[in-house]
Structure formats: C-alpha cells, structure tokens
Amino acid sequence: MASRFGAAAAAATAATANPEQVLFTARLNNIRPLVNMLRTICFRPRASCAINAGGLVFTVEEAQSIVAQAYLRTDLFSAFNYNIALAKEQLADQNQDAEPANDDDENTTHIALPLDSLIECLMLFYGPSGTAAGGPGGAHGGSSGIQSTSAMLTGGNPMDLRGASIAHIAFNGLGSDFELMLEERGVISVCRMATFYPESPVDLDFSRFPVVQQLIIRSEWLRDAFNELDPTSEAVAIAISATAPYFRISTVGDNGSTEMTYSKDERILDSFFCSEEQENRYKLSLILRCRQALALSDKTKIRVNQRGFLSFQFMIPTDADVSFVNFLYAPLVHANELEH
C-alpha cells in the first residue's frame, strides 16, 4: 500500500477519471458511515468485496464458523458508478472456457483486499486515535506507509466522526489497485492498495434449510444481555420457544451460570415467530465478534434455521437510510445431534 500527498497526485488516480472508462468509481461526502460499517466486521485483516450496481458487500470469515457481511448500498454514496459492460468483458476474458454460474456472477466483480489497511487509509486525516480499534492491530506488519497528518485535525472518537474528509474511490478490475483519493481542507492524499483474487467462500448456506425461529429485538436489550455474559464460558446457549420463556440467552463458566430471558412484550420484541423449539450452543468468542455492529444498531433481527445456524442482522441508521450488517454462525452441536 502506498500513499502520497499533493494536488498533483489527483491527476494520477483513476478516481478522477471518466467513470465510463473505469470499472467502478464512487464518491463519499461523509466518510463516517463507511468507516463505521467497515469497523463492525474488522476482526480479520483481509476481506472479500463484491461490487455490483447495487453497491458493495464486504465479507469476513473465521474458523469456518462465522461469516460477517457489511452491506454498503448506493444511497450511502453521493456518486456511484459500476460499469456493467466492462465487468462482463473482464469476466469473459478471465473465464473463456467456463460459463458464469448465474446472472449475479455475470454482473458482479469479486476481489479481496486488506480491510484493516482500507480503514486506516480512510482515517488518514484523523491520526492515530482514529485507527480501527477492535481490529487486529499490526495485522499488516505495523508499517503501512501512511504519513500522518493528525496535527491538521483534532482526532475524536472514531465512532463520532464529523465526516470532514471527502473520499473518491476507484477500481479498474482484477489485477488493479484499489484506489482512494481523500480531500481534507485543501490537502489531497492518494492511497493505493493491492487487491487479490478472493478465496472460495465458507459454505454456511443459511437458506439451505427453512427458518424455524425469528424475532426482532430492540438492540439495547441485546446489548445488556451481552454485557452480562460470563467471559470465562466457552459457549453461549440461545433458546427460542413458542411458550415462556420465549427467548433465553445463557452461559456457564468459572464464575457460575448466567441466564437472561425475554417475554414477547412489544417494548422488547417487535416481532416473534417460532415453528420449532430449539436450543443451540455457539462459541462465545465468535458471538462477541458482533459487538461493534450491535453497538451501532437500533434493532436486531435474529433467525435460526432448522439445522441450528444462527443469523444476526443489525439495522444501523445512517444519514441516508438504514444499513445492514449480517453475522452468520454455525452451531457447536446442533440440538438434534444431541439426541443420537
């Protein structure tokens, strides 16, 4: 990754090129929503990114047991252009002997890039206090090549950025760098990050089995529950049933047992559905990966499918509308397997 300053640098970046000549370009007048959304899934140094006409989807995976996705729709950007014709042309060149799996693959570009470095670049003008806390520190070797300009702007809480920086983003296809051009009070910085071919995704196909449990809970209640979980516990049990207690979260650790139960009170749950009672256990350390997304969200949709796979969908308010961050978990042992 490289960074350089000065107005002359702008002329050398694809971010200022004609959008019709570049695969993907976008502009952000406020970097806060983008930074906040990316930080919610920054528990691994590298992410895959799917780019299409509907926006960007960043995906992070760990231990073949958790998949986290941040959805950045086009309404987050003041300008957004994805060249579908160029994307199809590039895909055809890469897969001359293979047909695309479906229309979505035809119209989507998939890459991998260093997520921690991307966040660091976006936070360039906010100094050391704006680095991605909660991300894997030093994951890219501790030498990012970024020149700090923290003296130009007093760093505050990164979650409360005023969004003074304007960001131009550009990418011209596999093999090209992912480019950022940041403008801050007349100073311009251009950052380029190497991109990689994405690895095959972990197969946690949630839709393969029907959803048997679903509820929408106000996130403040879920935050309180997470704060009470025993950190010495290896696993957390989540149970949803058609009768009281309708929703239960519990742990057992060195400090004893903890249990939180919730009724169907409309002040707690916006909706509730249960066609099959289940209690499933999940690795606590992986469940807690979602805490930053939970902290930003107003509401959380919780779904469990017939095989015990758990989905958290966090509804995060932004200046434009509501954005979504999804976390999908595989159970440690599915409830049905305990009976055999």
- Under a cut-off of 21 Å between alpha-carbon atoms, report the lysines in cross-link reach of Lys299, not counting same-chain residues fewer than 8 places apart. Lys264
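Pairs of alpha-carbon atoms within less than 8 angstrom and 6+ residues apart define the contacts here; what relative contact order does the range 206-339 have, in percent?
On the way: 289 pairs, mean separation 38.6, N = 134.
Once normalised by length, the contact order is 29 percent.
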- Item | Cα gyration tensor shape for the range 186-281, rounded if a/c is under 1.5, else prolate or oblate | prolate
- Order of 271-279, 39-47, 196-204 by packing, highest average Cβ count within 10 Å first? 39-47, 271-279, 196-204
- Item | Amide proton proximity set for Ala79, modelled H, under 5 Å, gap of 5+ | Arg27
- Which of rounded, prolate, oblate describes the range 206-339, given a ≥ b ≥ c as roots of the alpha-carbon gyration tensor eigenvalues and a/c under 1.5 marking rounded, otherwise prolate only if a/b is larger than b/c? rounded
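We did not get these values from a lab; they are worked out from the coordinates using the rules stated. Since the structure is predicted, the reported quantities are computational estimates derived from the model, not experimental observations. Every residue, glycine among them, receives a Cβ derived from its backbone with ideal geometry; neighbour counts consider all protein chains shown.
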